[in-house]
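I have placed the structure first, in the form of structure tokens, so that the comments after it can refer back to it.
The values are calculated or read from the model by the stated rules, or taken from the named source; none is laboratory data. Not measured: the values here are computed from a predicted model. Backbone-built Cβ (ideal geometry, glycine too); neighbour counts: all protein chains shown. Calculation scope for accessible area: heavy atoms of the full protein, side chains included, ligands and nucleic acids excluded. Shrake-Rupley method; radii C 1.70, N 1.55, O 1.52, S 1.80 Å.
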Amino acid sequence: MLGPQLESSVTVGGRPIRNRLYRAPLLECAGNGPEAVETLIDELEPAAASGAGLIHQGATIVREAGGCAAPGMTRVADSGFVERLEELTEAVHAHGSAIAIQLEYGGLRSMEVWHAGYRRSNPGLEQLVVSRPPWILRSLDRVGFLDLNPRVMDTDEVEALAADFGRAAARAVEAGYDMIHLAGANMGIIQQFLSPFYNRREDEFGIDPEVGSGVRFLERVHEEIRDRAGDVPLITKVPSEAAAPAPLQPRLSDADAIRTAARLDSIGYDGVVPVRCSVFWDMSIVRGAFPARAWRDPTLKEGYREAFGSRTRATAVAAGNWLQSRRYDREPGWNADLARRVRSRVDIPVFLEGGLRERAELDSYLGDAADLVGMGRPFYAEPRLPARLLDGPADTRAVCEDCNNCAVAQAAGASGNCRTPSVLEEAGALRKRGAYDRTGNERDDGDPTE
Ligand SMILES: Cc1cc2nc3c(=O)[nH]c(=O)nc-3n(C[C@H](O)[C@H](O)[C@H](O)COP(=O)(O)O)c2cc1C
């Protein structure tokens, strides 16, 4: 039997979504300044206007200090600021789309660990950590490659952090967001709790032997969000660390990720996004080519120096990036087999992203590996990509070349956009031909029961 098509509607946690195409979370680098809301609207509204069912805003930070994984992240700890985001949610709703906010805290992934310039201007910042950092991070700290200043959270501090996720969710719901999305992967604090590579706690937040992950933190975050923000649809990324190099143990296997997703379903999460990644913040989540152009770009040189402290360190990071690109080449739909296995164990919607590029491919995964399908990097080159995918033939393909020039430039503080001329030319030609025009949502079926 034919599965649901991209245009068919779907319900997540009781919220009807007009179709199954979503924009995956990507950093917008909007910060919190006077232009922040306008920047977010500029970044996200085109996806709504061109027909995406659901837009995931990139990760935002639940506390006022520390914990940002990259330059320019937006914090959602201040009610005054979050209220202003109503302008963004209204702009998205005006086009009939739904919008999720992603909540995050960096822990060991924070800029104060890896960004030399940020560390210089914030010398006293500690990182909240789940357990003593793994030996490999301590070694990188000793040779001056990272700058660790960790403080292992006691049980009360973990509770306080879970409550901050709840408070941020409540503020977001007030501002009109339709869904809360937890940044459960990408090596933020949630992955650090889940992963046995990071979590050696002996209190209730340690590894749950039945599940194979430190899922208790996500349970507490769920309770906090339900208490403070009601029954807003709540989803999370669920990492498997199967892509990490073999010697890095112990880590989350696919089986651990599947059991974790099943537990989250049973306690009341409304959706999961299974992703295969590593135990580090490497290219396993953005597989593709070595971004040679971005590393050579003279306008980014100063930013790299600021981020990595010296030319030597920047060269070492670029070399590591090159090695990773050999290991993590883009395979179409690289999370699909994991998502399919998760989907066979849960009753909630499964979101699939990672290397999806073609309309026919999207349809083929729906009803099989996923209930909703999304793309990330292609939106940098084609902010109105949904118009082409929803209205085009089966061989419609995003112009993104997976070159990752968009990704690495962000370490240098550059905004998130495509910087590859051949890709931009192709998108420009499509624009001239009217490929991104969309007057209505003609092919969305509008039936939330599918
Ligand atoms: C520059 C950049 C920023 C990203 N920011 C986030 C983020 O804030 N939160 C998140 O969960 N994933 C983030 N991702 C991962 C994407 O959501 C997506 O999973 C990944 O890019 C793979 O999908 P794609 O092949 O369609 O790009 C980011 C990826 C890139 C390239």
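The relative contact order of region 10-432, computed from alpha carbon pairs under 8 Å that lie at least 6 residues apart in sequence, is 16 percent. From helices alone, the chain scores -11000 deg cm²/dmol at 222 nm; the rule is -39500 (n - 2.57) for each run of n ≥ 4 DSSP H residues, then divide by the residue total. When the trypsin sites (Lys or Arg not before Pro) in region 219-269 are filtered for DSSP coil states and for at most 13 other beta-carbon atoms within 10 Å of their beta-carbon, no site remains.
A Förster distance of 35 Å, applied to the separation of the beta-carbon atoms of Ser253 and Arg138, puts the FRET efficiency at 0.90. The 3J(HN,Hα) values that the Karplus relation (6.51, -1.76, 1.60; θ = phi - 60°) gives for region 113-129 are, in residue order, 8, 10, 9, 4, x, 5, 5, 4, 7, 10, x, x, 5, 8, 9, 6, 10 Hz. Gly and Pro appear as x.
So if R0 is 35 Å, what FRET efficiency would Arg305 and Glu35 give, r being the distance between their Cβ atoms, rounded to the nearest 0.05?
Working: r = 25 Å, r/R0 = 0.73.
Once rounded, the FRET efficiency stands at 0.85.
In this rough spin-label picture, where each label sits 7 Å from Cα along the Cβ direction, the Ala246-Asp203 distance is 3.8 nm. Label zone of Asp329 (point 7 Å out along Cα→Cβ, amide N under 15 Å): in region 390-413 this covers 402-403. Each label was represented as a point 7 Å from its Cα along the Cα-to-Cβ direction; for Thr312 and Arg345 these points are 4.6 nm apart. A full extension of the chain between Asn417 and Ala394 corresponds to an added length of 5.6 nm, given 0.36 nm per residue minus the alpha carbon distance. A DSSP coil position with no more than 11 other Cβ atoms inside 10 Å describes none of the GluC sites (Glu not before Pro) in region 146-183.
What's the carbon and sulfur percent of the chain's accessible surface, probe 1.4 angstrom, rounded to a whole number? It is 50 percent, rounded to a whole number. Label sites at Glu426 and Asp368, each approximated as a point 7 angstrom past Cα along Cα to Cβ, lie 2.3 nm apart. A 1.4 Å probe run over the chain, with the rest of the protein chains in place, finds 37 Å² accessible per residue. FRET efficiency for the Asp437 to Glu83 pair, using the beta carbon distance and R₀ = 30 Å, is estimated at 0.35. An ellipsoid equivalent to region 347-386, defined through the eigenvalues of its Cα gyration tensor, has semi-axes of 20, 11, 8 Å when rounded to whole angstrom and sorted largest first. Among Glu382, Glu35, Glu241, the largest mean-square fluctuation in a Gaussian network model of the chain, built with springs joining Cα atoms closer than 10 Å, belongs to Glu35.
For region 233-358, what class follows from the C-alpha gyration tensor (a ≥ b ≥ c being the square roots of its eigenvalues): rounded when a/c is under 1.5, otherwise prolate if a/b is larger than b/c, else oblate? Judged from the Cα gyration tensor, region 233-358 comes out prolate (a/c at least 1.5, a/b above b/c). For region 10-432, the average shadow cast by the Cα convex hull is 18.4 nm², which is a quarter of the hull's surface. Using C-alpha pairs below 8 Å separated by at least 6 residues, the relative contact order for region 139-264 is 28 percent.
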